[in-house]
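Q: Please find one structure pasted underneath; my questions will follow.
The values are calculated or read from the model by the stated rules, or taken from the named source; none is laboratory data. As the structure is a prediction and not an experimental result, all values here were calculated from the model. As a convention, Cβ positions derive from the backbone with ideal geometry for all residues, glycine included, and neighbour counts pool all protein chains shown. Please note that ligands, DNA and RNA were not included when accessible areas were found on the heavy atoms of the full protein model with its side chains. Shrake-Rupley method; radii C 1.70, N 1.55, O 1.52, S 1.80 Å.
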Amino acid sequence: MTHRVSVLFVCLGNICRSPTAHGVLRAKVDAAGLSSHVVVDSAGTGNWHVGATPDRRARATARAHGVSIDDLSARQVTAADLADYDYVIAMDGENHADLCVMATVNGVAGDRVSLFTHWCPDDEESEEGVPDPYAGGDAGVELRFCLPQFHHNVLIIKKLAIAGSADV
């Protein structure tokens, strides 16, 4: 049986950044004809939005870029996720640190956890990650959408296609 490459994006509440990244990568994987080879999901480190749809501004911005995230609902990341997903990608440094602690406490290899911007070209890498647009206006959501939209091309080409090439 062929291994499916699995990617989990994680932000704080799973209503802005991680579902946007989820939706963009899912759309790119579908467009590339790789949906049977790549599993994409998203979650939050916090639990206060569990079951909620993505933020209305994130949905509207994604829709304006031809990506639908209307079917997604927030969930909280679990220790099992850290063991089950090939790539657990934190949208910012704080969530990255929280995921690394969760991995250590639960005896899961932390090498699956990375910071979203570590997947970016070197000249655009940021230790802070993708800033949280939740408290900002629509312009903040638009800016945050553009980062994952651009960088998912890098993610697919550099990591998923290369790492999973034997399976895809």
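Q: Here are some conditions: (1) buried (at least 17 other Cβ atoms within 10 Å of the Cβ); (2) aliphatic (A, V, I, L, M); (3) over 20 Å from VAL130 (Cα atoms). VAL77 meets all but one. Which one does it not meet?
A: (3)
Q: Out of the residues in the range 31-52 meeting the condition of being of a type in the set (Ser, Thr, Tyr) and modelled with pLDDT of 90 or more, tell me which one is least open to solvent (accessible area, probe 1.4 Å).
A: Per the stated criteria, the residue is SER42.
Q: Condition first: of a type outside the set (D, E, K, R) and open to solvent by 70 Å² or more (accessible area, probe 1.4 Å). Now tell me which residues in the range 53-64 satisfy that.
A: ALA64, the sole residue that qualifies.
Q: Enumerate the pairs (first residue in the range 49-77 and over 20 Å from ASN95 (Cα atoms); second residue anywhere and open to solvent by 60 Å² or more (accessible area, probe 1.4 Å) and assigned to a helix (DSSP H, G or I)) with beta-carbon separation below 6 Å, excluding pairs fewer than 6 apart on the same chain, so at least 6 apart or on different chains.
A: Cβ pairs passing all conditions: ARG57/ASP138; THR61/GLU142.
Q: Could you list, in sequence order, the residues of the range 28-70 that are assigned to a helix (DSSP H, G or I) and on the phi > 0 side of the Ramachandran plot?
A: Correct list: empty.
Q: Where the second residue is in a helix (DSSP H, G or I) and among the hydroxyl-bearing types (Ser, Thr, Tyr) and the first is touching a residue at least 60 places away in the same chain (Cβ under 8 Å) and lies in the range 2-25, which pairs have Cβ atoms under 7 Å and are six or more apart or on separate chains?
A: Partner pairs satisfying both residue conditions: PHE9/SER18; VAL10/SER18; CYS11/SER18.
Q: Can we say HIS152 is at pLDDT below 85 and open to solvent by 30 Å² or more (accessible area, probe 1.4 Å)?
A: No.
Q: Same structure, new question: Out of the range 1-24, which residues are surrounded by fewer than 24 Cβ atoms within 10 Å (Cβ to Cβ) and either in a loop (DSSP other than H, G, I, E, B) or of a type in the set (A, V, I, L, M, F, W, C) (or both)?
A: Across the range 1-24, the qualifying residues are MET1, THR2, HIS3, ARG4, VAL5, LEU12, GLY13.
Q: If a residue must be assigned to a loop (DSSP other than H, G, I, E, B) and either closer than 14 Å to ASN106 by Cβ or among the β-branched types (Val, Ile, Thr) (or both), how many such residues does the range 71-94 contain?
A: So the count comes out to 3.
Q: Considering each residue of the range 95-118, count those that are small (Gly, Ala, Ser), open to solvent by less than 30 Å² (accessible area, probe 1.4 Å) and in a helix (DSSP H, G or I), and give that number.
A: 1
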